[in-house]
């Protein structure tokens, strides 16, 4: 069996990373905008109508049958998607079936994992799964961080996942796409049905490039399934099941604007900063996440737009009822939506042609002819840590454990202005450090840190500094912010990590930006 | 487990930035059992700290259990001290370092538009309170602390006075009702308190007994900085005696009314419009103005209704109050803005101020605006409104030279 990793080298960010991972060759990070791909994109196998039914009915009696017909065997790469978030029931079933069939050493290639995937730990223990390549959080993150996974984890952004698939860096043997609505031909969408989740964009690369594609649904409709977000012409088999997901866990409905006065202050400062920097003007665009603080920033933007009678050209989202309200109120022309977080978002996407479903291909893919993320005027993102050079971490906590996925975070850093609204410390742990535990985003792409105790602007952004200087906002240097946190919390010790590498973090261009070390128990 | 144990602090699923300490005296040499959310980054530091506090109390045999949810040092120290003091009955203190800025006195005439109440035994709410920039932060030992937590709250409040960052807010403490509140003074007067709120005041004797104890403590601790008082009127008797109370001592800088208790005493319910308390509030304003101290209004308890709060502040301002208590940081900007002068008031104030400057420069004894003479108190009020506007960000500091 291949070594978990080999050939350590220092990359352009000064991080020690392996060049060989799970027996495959990888390129160390060369710097932002330094690595270009060569040659042609990967192509999936060519197929013929001869092998598919003329009546379009590709149904198989069960998921097991479909997997067997797809040739499921040892060492394959199986992909699933996180449209159902913590309400996904299909991914676990796929690996239960693999276990039943005695298949071993699979690579699970999810677009993200959730706490509902805790049963995968058993499949890693019994050898069905060799490793996860995708974000790991909750119990899976803990399991991998403590060095229990047989292979080495590879973490990619949403855009990086698309890039890896289209570049042929990850060859998907079987893609299993769970869909809230589909026809027997394989056309599928996320806007209709019990388990409606909005869109199926994360499965696009898999549909285009996997050897075999299976669509699973609990809502089989007569051909044609309209709209077809997934094109049935890319699908090998369809399967009807009782339930694809648990609706109340798919759209949690709990994403609300924060009530915490501290977080509201951070949001207020963020909005005022954007205003002072001249970003809030007619026709601007923004992206903010579905977290309570980000939503509050959006609401403050909305207030400003109403007062000035201006509107945004587009909002890039993770949408829920708040951006939907802005769209319907006429405060934005379009929502370009990557994933939908509540039923209002789903409804709007179904009914409103200006609420557009996007994919990691359109929004984030770095190996393409441009993407949407770099055209956004301002993006607000989270982070677990930021260092004094504005480098940021989003996957590990300061104690070294993997607890968050990268999501679209790395891809969004390319917006014209990137702001991290973060508390100065969380439960005594300062967010601003001398060095981040894991490097996920290079400081040259991170422009502003907004905390409840002050705002630090990256010294590279002289233009922003000039604009906000006289604004009366509490501007501080990042060193001052770090100093203040340590004055309050005390200087933290270093996390206790071993040399052993348990995972790597990919940059948007497929190079390795950092390695994640095993946590000492 | 039937061993006798002594505890302090809070635990539970919702508790953060706090710790729960349990001290179990025994025969074995000291053991510290730490269960902390931040063990990786601060565990060694916390263990050393616990050993230091134990050493101070000569607690050498037994177990100290700490369940920590990210408490800062001054919180850990307060909890450890409270539990160890109960266990050892030793009259010793373990004081956190004084922040330099927490020794500074406050001035009598400073603005007190907003004072934010913080429950005296809830460290989580204290940590970021100052960043919302209220004029004063009140560490509350009275109604916000459950009777069985009063003992440990005193240590926490004392440590907060010394070590919490107040970000320029006046350091205030609401003590318990006199005479119980007199015992609180030991924990605050030597530790940098700027202003003490004396609740449920009904006579000048209560103020005198508080001041007698303050004087005694100032003397024994060599403190020569002022400790201001703000009596709170919370009963019909208090309202009747409000002038007597307002003039009971020189260090009274403000007087507040507490409407929850007052309306209960009247046998009525508190309404948003406040018709039932009109007399009481107006009486307190009059007593304060007669005594030349600041009249401060009661808190507004519906924290979700910002608009009702704004209306309430405007009524309060109209009655003559110049400050209000806040029970949530989000009330602070609303109260501050509403007490600030309106645009119209401000325009007038600017004109009067400029006319006064001009008269001064030209050596005129009398100030005139157009054909109208301006009396000195009007000039003074204009000056004050401009100060307020600058302070609340309505006017820039150099408004005068801008246009």
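Computed from the coordinates by the stated procedures, all read-outs in this text should not be read as laboratory data. Here the structure is a predicted model, which is why all the values come from computation and not from measurement. Quick reminder, even Gly has a Cβ in these numbers, built from the backbone with ideal geometry, and neighbours come from all protein chains shown.
According to a simple spin-label model (label point 7 Å from Cα along Cα-to-Cβ), what is the distance in nm between residue A:101 and residue B:100?
It is 7.1 nm.
In whole Å, how far is the Cα centre of segment B:115-168 from that of segment B:290-356?
So the separation of the two Cα centres works out to 24 Å.
What's the angle, to the nearest 10 degrees (0 to 90), between helix A:478-489's Cα axis and the longest principal axis of chain A?
90
Of B:53, B:173, B:227, which has the largest mean-square fluctuation in a 10 Å C-alpha GNM of chain B?
Highest fluctuation among the options: B:53.
Can you work out D for segment B:100-339 in µm² s⁻¹ from Stokes-Einstein, where Rh is the Kirkwood radius over C-alpha pairs, the temperature is 10 °C and the viscosity is 1.306 mPa s?
Here the translational diffusion coefficient equals 90 µm²/s.
May I ask for the angle, rounded to the nearest 10°, between helix B:306-319 and the longest principal axis of chain B, with both axes built from Cα atoms and the value confined to 0 to 90°?
For helix B:306-319, the angle is close to 60 degrees.
Which ordering of B:45, B:33, A:40 is given by a fewest-first count of other beta-carbon atoms within 10 Å?
A:40, B:33, B:45
For segment B:23-64 and segment A:51-77, compute the distance between their C-alpha centroids and round to whole Å.
First find each Cα centre; the distance between them is then 61 Å.
Could you calculate the FRET efficiency of residue B:384 with residue A:479 from 1/(1 + (r/R0)^6), where r is the beta carbon distance between them and R0 is 35 Å, rounded to 0.05?
Given R0 = 35 Å and the Cβ-Cβ separation, E is 0.30.
Order these peptides, A:488-496, A:145-153, A:503-511, by their mean beta-carbon neighbour count within 10 angstrom, highest first.
Top of the packing list down: A:503-511, A:145-153, A:488-496.
Could you bin all the Cα-Cα distances of segment A:261-497 into 10 Å bins starting at 0 and give me the percent of pairs in each, rounded to whole numbers?
8, 33, 36, 19, 4, 0
Semi-axes of the equivalent ellipsoid for segment A:315-383, please: Cα gyration tensor eigenvalues, times 5, square-rooted, ordered largest first, whole Å.
The equivalent ellipsoid of segment A:315-383 has semi-axes of 21, 13, 12 Å.
How would segment A:432-477 be classified by its alpha-carbon gyration tensor: rounded, prolate or oblate, with rounded meaning a/c under 1.5 and the a/b versus b/c comparison settling the rest?
Because a/c hits 1.5 or more and a/b fails to exceed b/c, segment A:432-477 counts as oblate.
To the nearest Å, what is the center-to-center distance of segment A:269-288 and segment A:201-266, using C-alpha atoms only?
Cα centres, segment A:269-288 to segment A:201-266: 32 Å.
Out of the DSSP beta bridges found with both residues in the protein assembly as shown, what percent are antiparallel (nearest 5)?
Approximately 35 percent, going by the DSSP bridge assignments.
When Cβ neighbours within 10 Å are restricted to other protein chains, what is their mean count per residue of peptide B:67-74?
Rounded to a whole number, the mean comes out at 3.
By per-residue mean of other Cβ atoms within 10 Å, what is the highest-first order of A:162-172, A:185-195?
Peptide ranking by packing, descending: A:185-195, A:162-172.
Return the calculated 222 nm mean residue ellipticity for chain B, to the nearest 500 deg cm²/dmol, obtained by summing -39500 (n - 2.57) across DSSP H runs with n ≥ 4 and dividing by the residue count.
Here the helix-only value at 222 nm equals -13000 deg cm²/dmol.
Based on the alpha-carbon gyration tensor of chain A and its eigenvalue square roots a ≥ b ≥ c, which shape applies: rounded if a/c is under 1.5, prolate if not and a/b is larger than b/c, or oblate?
Here chain A falls in the oblate category.
Which angle from 0 to 90°, rounded to the nearest 10, does the C-alpha axis of helix B:343-361 make with the longest principal axis of chain B?
Roughly 70 degrees, rounded to the nearest 10.
Quick one: give the max-minus-min coordinate of the C-alpha atoms of segment A:62-162 along each principal axis, largest first, in Å.
So the extents along the principal axes, rounded to whole Å, are 32, 27, 23.
Going by the alpha-carbon gyration tensor, a ≥ b ≥ c the square roots of its eigenvalues, is segment A:344-384 rounded (a/c under 1.5) or, if a/c is not under 1.5, prolate (a/b greater than b/c) versus oblate?
oblate
For chain B, modelled as a GNM with alpha-carbon contacts under 10 angstrom, which of B:155, B:321, B:57 fluctuates the most?
B:57
Rounded to the nearest 0.05, what FRET efficiency do residue B:108 and residue B:302 give with R0 = 35 Å and r taken as the Cβ-Cβ distance? Could you check?
Working from the Cβ atoms, E equals 0.60.
In whole percent, what relative contact order does chain A give with Cα contacts below 8 Å and a gap of six or more residues?
Relative contact order for chain A comes out at 16 percent.
Could you tell me the calculated FRET efficiency between residue A:352 and residue A:233, based on Cβ-Cβ distance and R0 = 30 angstrom, to the nearest 0.05?
Calculated value: 0.65.
Average partner chain C-beta neighbours within 10 Å, per residue of A:423-435?
Partner-chain Cβ atoms within 10 Å, mean over residues of A:423-435: 4.
Could you work out the helix-only [θ] at 222 nm for chain A, with each DSSP H run of four or more residues adding -39,500 (n - 2.57) and the total divided by the number of residues, to the nearest 500 deg cm²/dmol?
-7000 deg cm²/dmol
Under a plain spin-label model, where a point goes 7 Å from the Cα along Cα-to-Cβ, how far apart in nm are residue B:151 and residue A:34?
6.3
Once you have the Cα-Cα distance between residue B:60 and residue B:208, take 0.36 nm times their residue separation minus that, and quote the gain in nm to one decimal.
Here the segment from residue B:60 to residue B:208 would lengthen by 48.9 nm.
Please build a GNM for chain B, connecting alpha carbons under 10 Å apart, and tell me which residue among B:222, B:194, B:159 fluctuates the most.
Looking only at B:222, B:194, B:159, the biggest GNM fluctuation is shown by B:222.
Residues in segment A:129-156, backbone N under 19 Å from the label point at residue A:6 (7 Å along the Cα-to-beta-carbon vector): list them, ranges by number please.
Only A:131, A:150-154 fall inside the zone, counting backbone N under 19 Å.
For the protein assembly as shown, what is the largest minus smallest coordinate of the Cα atoms on each principal axis, given in angstrom and ordered from greatest to least?
Result, largest extent first: 103, 83, 54 Å.
Roughly how crowded by other chains is peptide A:258-269, in terms of the mean Cβ count from those chains within 10 Å of each of its Cβ atoms?
Per residue, the average neighbour count from other chains is 3.
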